[in-house]
Amino acid sequence: MTIGERYEDILKAARDVIARHGFHQASIREIARAADLSLAGLYHYVAGKEELLFLVLDRSLDRLLAHLDKALLGARTPEAKLLALVLTHLEFAFQDPAALKIINRDWELVAAARLGDVVAKRAKYLQRGMAVLREVDPHARAEHELYSATNLLLGMLNGIATRPFVRSAGDVRPLAAEVSALFLYGFLERSHEGAEPPVAVGERP
C-alpha cells in the first residue's frame, strides 16, 4: 500500500468514526483501529483528531463544490441549474452521507487556525446556490431573501437525503425533479404554464 492510499484509508476511517459518534465522542484509538493502524502509527501520519476533522471537512467540501460546478456547467437554463443543484446535493448525500453529516454538524468544531478555510468553502457552496436562485427568480428578490431561500432549500435537502426518501440510487433523480418542481412552482400550483418538472440537460423522460 502506498503512502497516499494509507492516507486515504485514515481519512475514510476518521470520517466514519466522527460521523457515527460526533467529534467530541469520537476516539482517536477507534479511528486508528478502523484504519488498521496502531495509535503510534496513526500519529506518524497526522497530528491528532483536530487535524483529521479539518482534513475530512476540507476534502469533502472540495468534492461537493467540484461536483456542483461540473453539474452547473452542463445546465443551459435557470431551471436546469436548479435541478443540477438539487440533484448534486442529493447524490452527494446518498453516496457519502457520513461526509455530509460532518459538513452540517461538526464544522464549527474545527480549530480556530483552520476554521476560516472551512467557513470560506461552505460560503462558496452557499453562494453557488444563491446564484442559481438569483437566475431563476422572476421577482428580483433582495440578497437577504435569496440567502434565506437558499438556506431553506439546502436545509430541506439535508432533511430528505435520508431514508425513507432515498433508499437507493434510483430514488435520487425522481426525488430531485419533484423537489425542484415544488421549489419552483409551489405546492398548490405546480406550474403557471403547466410545465413538466425540470429535467437535466439532454435527458427527456
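The values are calculated or read from the model by the stated rules, or taken from the named source; none is laboratory data. Values in this document were obtained by computation on a predicted structure and should not be read as measured data. Virtual Cβ from ideal backbone geometry, glycine too; neighbours counted across all protein chains shown. The area values use the complete protein model at the heavy-atom level, side chains included, leaving out ligands, DNA and RNA. Shrake-Rupley method; radii C 1.70, N 1.55, O 1.52, S 1.80 Å.
Some observations on this one:
- Relative contact order computed over the chain (Cα-Cα under 8 Å; 6+ residues apart), in percent: 22 percent
- Orientation-averaged projection of segment 67-141 equals 5.8 nm² [convex hull of Cα atoms, one quarter of hull surface area].
- Relative contact order for segment 15-122, counting Cα pairs under 8 Å that sit 6 or more residues apart, in percent: 34 percent
- For residue 121, a cut-off of 12 angstrom between C-alpha atoms picks up these aspartates and glutamates, skipping any fewer than 8 places away in its own chain: 58, 62.
- Acute angle (nearest 10 degrees) that the helix 49-73 long axis makes with the longest principal axis of the chain, alpha-carbon atoms: 30 degrees
- Charge dipole (segment 44-141, unit charges on Cβ, about Cα centre) - positive-most of 131, 57, 113: 131
- Surface share of carbon and sulfur [accessible, 1.4 angstrom probe, percent] for the chain: 55 percent
- C-alpha long axis of helix 169-185 to longest principal axis of the chain, angle in °: 50 degrees
- Cβ-based net charge around residue 43, under 12 Å, with every Lys or Arg adding one and every Asp or Glu removing one: +1
- Convex hull volume of the chain per residue (C-alpha atoms, cubic angstrom): 143 Å³
- Rounded to the nearest 10 square angstrom, residue 21 shows an accessible area of 80 square angstrom against a 1.4 Å probe.
- Put 51, 8, 143 in order of accessible area, highest first, and with a 1.4 Å probe you get 143, 8, 51.
- Ordered from largest to smallest accessible area (heavy atoms of protein chains, 1.4 Å probe), the residues 70, 81, 12 come out as 70, 12, 81.
- Student exercise, the chain dipole from Lys, Arg, Asp, Glu Cβ charges, in Debye to nearest 20: 280 debye
- Binned Cα-Cα distance frequencies in segment 104-160 - 5 Å width, integer %: 4, 17, 23, 21, 17, 11, 5, 2, 0
- Sequence of 130, 156 when ordered by accessible area, the most exposed leading, probe 1.4 angstrom: 156, 130
- Note on residue 162: accessible area approximately 70 square angstrom, rounded to 10, probe 1.4 Å, nucleic acids and ligands left out.
- For residue 23, the solvent-accessible surface computed with a 1.4 Å probe is close to 10 Å², ligands and nucleic acids excluded.
- The chain: angle of helix 112-136 to the longest principal axis, Cα-based, in degrees nearest 10: 20 degrees
- Rounded to the nearest 20 debye, dipole of segment 1-52 from Cβ charges on Lys, Arg, Asp, Glu: 160 debye
- A simple spin-label model places pseudo-atoms 7 Å from Cα toward Cβ; at residue 36 and residue 147 they are separated by 4.8 nm.
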